[in-house]
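Below is one structure, written out as structure tokens; comments come after it.
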Amino acid sequence: MKKTRKQIQKEQTILRNAYVEIAQQTGAIDRITKLMSANYLLISYSAFLVDEIQELLEKYNLTAGKLVRCTEKITKAQEEFFTAYSKLISKEQTINWANDLTAFGELFTQFTNIPAEWEPEKDKIDVEKIEEKYNVKLSINKS
């Protein structure tokens, strides 16, 4: 006798519940939760880095077509990830995430030796000399 759709779905649910119980008892669920949280934190910080990279590339007219397309793909993937993941976290967890992100950012800047805040060294710019060297007229925003 052929099983009905409802019977198949019930069997699949029972099987899934059995696997969930095994994962809970072995500690795999806790590990998965921690890994997902860490991954969310890394992707969140990565989004900040990608934004700053984009801003600087645009400000200094350094955008290359392929790099722009790659950055757009990264941004789109991050947005999809955040949308899917946001359905899994509570308001309290969001506050914890924000605090963790701040702390992670501080550790990241120490580890990489990249300051969190950066200002261009405008006093080192000699626009006229560069324009003369390359025989071009530059439109530079010195602010």
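Structure summary
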quantity: Wholly within the stretch 1-116, helices (runs of 4 or more DSSP H) carrying at least 1 residues that are within 30 Å of residue 137 (Cα to Cα) and touching a residue at least 12 places away in the same chain (Cβ under 8 Å); calculated: 28-59, 65-86
quantity: Positions within the stretch 34-77 being aromatic (Phe, Trp, Tyr) and more than 21 Å from residue 99 (Cβ to Cβ), in sequence order; calculated: 60
quantity: Tally, over the stretch 95-106, of residues that are within 17 Å of the chain's Cα centre (by Cα) and over 17 Å from residue 34 (Cβ atoms); calculated: 4
quantity: Residue ID - nearest to residue 72 (Cα to Cα), chosen from residues in the stretch 1-56 that are charged (D, E, K, R) and over 28 Å from the mean Cα position of the chain (by Cα); calculated: 16
quantity: Candidate set: the stretch 68-88, residues that are modelled with pLDDT under 85 and touching a helix residue (DSSP H, G or I) at 6+ places or on another chain (Cβ under 7 Å); chosen: the one farthest from residue 38 (Cα to Cα); calculated: 71
quantity: Every residue from the stretch 117-128 that is in a helix (DSSP H, G or I) and of a type in the set (A, V, I, L, M, F, W, C); calculated: 127
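The values are calculated or read from the model by the stated rules, or taken from the named source; none is laboratory data. Worth saying up front: this structure is predicted, and the values here are computed from it rather than measured. All Cβ positions, even for glycine, are placed from backbone atoms using ideal geometry, and neighbour counts span all protein chains on display.
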